[in-house]
Amino acid sequence: MSALLKVEDLVVEVQARRGTSTPVDGISFEIHRGETLGLVGESGSGKSLTAMSIIKLLPTRAVQMAGGRIQLDGVDMASFSPRQMRDVRGMRIGTIFQEPMTALNPAFTIGFQIAEPLRRHLGLSRAAAKKRVIELLEMVGIPRAGEIAKSYPHHLSGGMRQRAMIAIAMSCEPDLLIADEPTTALDVTTQAQILDLILDLQEEHGTAVLLVTHDLGVVAQACQNVTVMRRGTIVEQSSVIDIFEKPSHPYTRALLESMPARNAGVDRLPYIAEGVFE
Ligand SMILES: Nc1ncnc2c1ncn2[C@@H]1O[C@H](COP(=O)(O)OP(=O)(O)OP(=O)(O)O)[C@@H](O)[C@H]1O
Ligand SMILES: [Mg+2]
């Protein structure tokens with residue numbers, strides 16, 4: 001079966017007064033339907049710029065996709081008009097970022113923000129959208145959904161805001177979910193809950209997930225395959241089992257060794273039992 005997302009030789013350049021830098025320098029990977037791919041690497045290795053390139057939302061004009069090709073279901077995404085891209089974002093690709101406060105609009109209620117893509121992309125009536133908002137809030141484990149729908153983002157805890165973001169991302173049942181450090185800003189218990197929620201929804205809806213993280217514990221728990229980035233390039237790419245059992249690149253080995261052994265949720269890692277970290 002052909003890949004849902006195929007990224008080939010992606011290059012991202014940054015123009016600055018001091019010259020041009022290339023924080024993403026020839027990245028290739030594929031994600032198939034229903035698969036979870038982990039994109040890992042140290043801070044600044046280019047993970048977020050890679051993720052943002054896919055949805056064509058690079059942070060500033062100075063940051064540009066300078067090479068490569070991204071295909072969604074066999075179609076080159078360069079051929080999409082801005083209007084088609086708006087439909088892709090939300091309808092076909094949902095996104096969750098590290099800090100939900102930057103993605104949620106402080107001026108609108110949670111309910112309004114979840115209803116917006118339902119009305120715009122799916123054409124639901126006001127009443128139908130309202131009903132669906134409550135269902136979505138319940139789906140992501142938000143209690144008193146009716147009340148929360150009327151609240152503004154700053155009234156919610158970090159974990160609740162992240163749940164609301166997931167509700168927005170999943171609202172139109174996208175084929176692909178891009179989750180960039182979705183749990184990093186949360187406390188350990190909430191991290192585990194949010195990760196479980198993403199995995200449950202994925203299983204239920206068959207969504208493919210690009211999971212950007214620096215946490216190999218999260219990778220072991222959630223991903224089938226993993227791409228390891230360093231300084232804008234790929235140093236290793238394989239199944240999660242192979243990475244943990246026989247990391248071939250010294251950088252991956254160092255990453256595994258630096259992993260806090262008593263990490264959050266580490267008891268749930270299948271590999272611990274086999275003594276890989278001992
Ligand atoms: N808005 C920007 N303007 C200029 N350069 C940027 C910008 N965003 C990122 N960069 C450059 O690209 C590099 C990669 O950034 P990116 O955000 O993709 O890293 P990352 O792997 O997601 O790191 P982290 O784990 O800290 O989130 C950075 O080190 C920085 O040099
Ligand atoms: Mg990042």
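Over the range 1-50, Cα pairs under 8 Å with separation of 6+ residues give a relative contact order of 38 percent. For P100, the shell of other residues with beta-carbons less than 12 Å away shows a net charge of -1, using +1 for Lys and Arg and -1 for Asp and Glu. FRET efficiency for the S81 to Q15 pair, using the beta carbon distance and R₀ = 30 Å, is estimated at 0.75.
Each label point was placed 7 Å from the Cα along the Cα-to-Cβ direction; for A107 and E135 their separation is 3.1 nm. Dividing the helix sum by the residues of the chain, where each DSSP H run of 4 or more adds -39500 (n - 2.57), gives a mean residue ellipticity at 222 nm of -10500 deg cm²/dmol.
Taking Cα atoms of the range 5-263, Rg/Rh with Kirkwood Rh, to two decimals? Rounded to two decimals, Rg/Rh equals 0.97.
The local environment of S45, defined by Cβ-Cβ distances under 15 Å, has a net charge of -3 under the rule Lys, Arg +1 and Asp, Glu -1. Scattering from the range 1-66 was approximated by placing one identical point on each alpha carbon and applying the Debye formula without solvent; log10 I(q)/I(0) at 0.13, 0.26, 0.27, 0.29 1/Å stands at -0.38, -1.22, -1.28, -1.38. Summing Lys and Arg as +1 and Asp and Glu as -1 over all other residues whose Cβ lies under 13 Å from the Cβ of C223 gives a net charge of -3.
Descending by average beta-carbon neighbour count within 10 Å, the peptides 53-60, 174-181 line up as 174-181, 53-60, the highest first. Under a model in which nothing but the beta-carbon of Lys, Arg (+1) and Asp, Glu (-1) is charged, the range 5-263 shows a dipole of about 1100 debye around its Cα centre. Annotation: peptides 10-23, 204-217, ranked by per-residue average of other Cβ atoms within 10 Å with the highest first, follow the order 204-217, 10-23. Is the C-alpha gyration tensor of the range 98-151 telling us rounded, prolate or oblate? Criteria: a/c under 1.5 is rounded; beyond that, a/b larger than b/c is prolate, otherwise oblate. Oblate is the answer for the range 98-151, as a/c is 1.5 or above yet b/c matches or exceeds a/b. Overall, the accessible surface of the range 5-263 at a probe of 1.4 angstrom is composed of carbon and sulfur to the extent of 50 percent. For a straight C-alpha distance cut-off of 19 angstrom, the aspartates and glutamates reachable from K47 (same-chain residues fewer than eight places away being disregarded) are E8, D9, E13, D25, E30, E35, E99, D180, E181, D215, E236. Per residue, the chain exposes an accessible area of 48 Å² to a 1.4 Å probe, with every protein chain left in place. Averaging the sequence gap over all C-alpha pairs within less than 8 Å and six or more residues apart, then dividing by the number of residues, gives the chain a relative contact order of 24 percent.
The values are calculated or read from the model by the stated rules, or taken from the named source; none is laboratory data. On a predicted model such as this, the values are computed, not experimentally measured, just so you know. Glycine also receives a Cβ, built like all others from the backbone with ideal geometry; neighbour counts cover every protein chain displayed. When the accessible area is computed, the model is the full protein with side chains, heavy atoms only, and any ligands, DNA or RNA have been set aside. Shrake-Rupley method; radii C 1.70, N 1.55, O 1.52, S 1.80 Å.
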